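First the structure, in the form of structure tokens, and then the observations on it.
The values are calculated or read from the model by the stated rules, or taken from the named source; none is laboratory data. In this text the structure is predicted, and so the values were computed from the model without any measurement. Cβ: placed from backbone, ideal geometry, glycine included. Neighbour counts: every protein chain shown. Areas reflect the complete protein model, heavy atoms only, side chains present, ligands, DNA and RNA absent. Shrake-Rupley method; radii C 1.70, N 1.55, O 1.52, S 1.80 Å.
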Amino acid sequence: MKLLVRCIAIVSLLSCGLCLLNAQRVRSSPSAASSAVLDSASIQELLRAHNEVRRQRGIAPLRWSPRLAVTAQEWAEHLARIGELVHDRSRMVGQNLFASYGAARRPSFVVGKWAEESKDYDERHFRCARGAVCGHFTQLIWRETKEVGCGVAHGGNGEFWVCYYTPPGNFIGEKPY
């Protein structure tokens, strides 16, 4: 039964709303994707940004997963080719997505956008404000999550970021920490 609840929770997470910046401009005709595999400095920046949000809440830091990074990169390239944000429903991982039109974004900016959802999240009662989106933030702070791997690609007039997390978070009826 717990597995069924977890599957339902993941499907619920996958139908997130506020995943992108300037969505109306990113959704354009598909084009060839341009890969921007993350260098070591970008990886460190991503880890620092994730782990600072976790540190503020007394949650253990995440480790970088090259395996997750490879699959996240593949999905980012897919999103860049199709020119829109959709979750990868074939993987049993936590997923945070972000897209931006125009200038390239720093890894810390992307994580910061997800962390901004904390303004709508009541950490005392572990719930999101009505009508708000908090799932990106709660995945960042999910205590049981131990690893993260991310990718970024350009195409469809946008920059597409994907971060995968294991074990995944955001299970209905469970608190993030």
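The H on the amide N of GLY83, modeled in the peptide plane, is under 5 Å from the matching H of SER31, each at least 5 residues off or on a different chain. Phi angles across segment 48-54 convert, under the Karplus curve 6.51 cos²θ - 1.76 cosθ + 1.60 with θ = phi - 60°, into 3J(HN,Hα) values of 4, 5, 4, 6, 5, 4, 5 Hz, Gly and Pro given as x.
Using the Cβ-Cβ distance between ARG67 and VAL37 with R0 = 22 Å, the FRET efficiency computed as 1/(1 + (r/R0)^6) comes to roughly 0.90. For LYS146, a cut-off of 16 angstrom between C-alpha atoms picks up these aspartates and glutamates, skipping any fewer than 8 places away in its own chain: GLU52. Extension gain for ARG55 to CYS128 (0.36 nm times residue separation, less C-alpha to C-alpha distance): 24.2 nm. Overall, the accessible surface of segment 113-177 at a probe of 1.4 angstrom is composed of carbon and sulfur to the extent of 48 percent.
Per-residue Karplus couplings for segment 164-169, computed as 6.51 cos²θ - 1.76 cosθ + 1.60 with θ equal to phi - 60°, are listed in order as 10, 10, 9, x, x, x Hz, Gly and Pro entered as x.
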